[in-house]
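To keep things clear, I will list the structure first and then write my remarks on it.
The values are calculated or read from the model by the stated rules, or taken from the named source; none is laboratory data. None of these values were measured; they are calculated from a predicted model. In this analysis, Cβ positions are derived from the backbone assuming ideal geometry, glycine residues included, and neighbour counts consider all displayed protein chains. Heavy atoms of the whole protein, side chains included, go into the accessibility calculation; ligands, DNA and RNA do not. Shrake-Rupley method; radii C 1.70, N 1.55, O 1.52, S 1.80 Å.
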Amino acid sequence: MYKNITKDNFKTSITTFNIETLSDIEIQEYLNLSTLYRKLLNEYIKLLGLQKYDDLLENSNLNFIKIDESEQDFYQYYNNSNLTYYYIRNNIYLNRLTLEEKNFLKNKLNNQDYTMDNETITFINNTFKKIIKEIHNNVNEPFDTNFGPTSSSFFARNDALVIGFRYDEFNDEGMDDETFDINYENQQKYYKSLNKQLENELKNKLQIPVTVIEYDENSIKKNINYDQIVSEKGKIR
């Protein structure tokens, strides 16, 4: 199912772009275009190998359980690419597109064209580096910036492609404690090795910094889900 970014959910992303500077019509267009660009970027990185690593985890027989959509953050929820464990964690700044580039994206949106044909692959390849880059106070030199809690584990270079990784690590699926502990240790060894391989493979293919960051329920801001039960006071629990 193709999930469109809502204004409230956009506010749960950690971005420096202030959507409130736009008119209501501009906001809706920006959200629609952002949804499409985010999907296309995830699809592009899938083609470069991300799908392969996602499949390796799923088929590993190590019980990697998918995070329920109700527990996902903005970035994982809106990858719109059927990825189970990986997703693009970068913010995207569509205001950096040229008029011609923006029109290309608009045409795809208006035609409901979500395909990754050669023209679209070229478009994403030519634009994503400037779209994902974090810029602060007009600093030109590369610097490390935060992609989660204030901890060294959640920093990456401001021009890096950042891949989020998350699974339901404490779901025991009915295992006894001893079996779970052994499996958990094997999971940790396997995905840490896999994530390092993924970083190196994408670095070589893209020729830019790539960082895979592991997230859990304590390091994400949960996406707003209006399908949740509403309390008597009308506030989402």
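Annotations for the structure displayed:
- Taking region 56-80 as the range and being part of a loop (DSSP other than H, G, I, E, B) and more than 19 Å from GLU214 (Cβ to Cβ) as the test, the residues that pass are ASN59, ASN61, TYR78, ASN80.
- Residue, least open to solvent (accessible area, probe 1.4 Å), within region 129-154, restricted to residues that are closer than 19 Å to TYR86 by Cβ and touching a Ser or Thr at 6+ places or on another chain (Cβ under 9 Å): PHE147
- Single residue of TYR44, TYR53 found to be among the aromatic types (Phe, Trp, Tyr), part of a helix (DSSP H, G or I) and within 20 Å of GLU214 (Cβ to Cβ): TYR53
- Condition check for ASN95: part of a helix (DSSP H, G or I), in contact (Cβ under 8 Å) with a residue 60 or more places away in the chain, more than 30 Å from ILE67 (Cα to Cα) and open to solvent by 10 Å² or more (accessible area, probe 1.4 Å): yes
- Any chance SER60 is out of contact with any Gly (no Cβ under 6 Å at 6 or more places or on another chain), of a type outside the set (Asp, Glu), under 30 Å from PHE180 (Cα atoms) and surrounded by fewer than 18 Cβ atoms within 10 Å (Cβ to Cβ): yes
- Residue list for region 2-23, restricted to those being in contact with a helix residue (DSSP H, G or I) (Cβ under 9 Å, 6 or more places away or on another chain), loosely packed, with under 15 Cβ neighbours inside 10 Å and assigned to a helix (DSSP H, G or I): LYS7, GLU20
- Number of the condition not met by LYS221 [criteria: (1) open to solvent by less than 80 Å² (accessible area, probe 1.4 Å); (2) in contact with a strand residue (DSSP E or B) (Cβ under 8 Å, 6 or more places away or on another chain); (3) at pLDDT below 95; (4) closer than 26 Å to GLU69 by Cα]: (1)
- Check on GLU71, open to solvent by 60 Å² or more (accessible area, probe 1.4 Å) and either in contact with a Cys (Cβ under 6 Å, 6 or more places away or on another chain) or closer than 21 Å to ASN218 by Cβ (or both): yes
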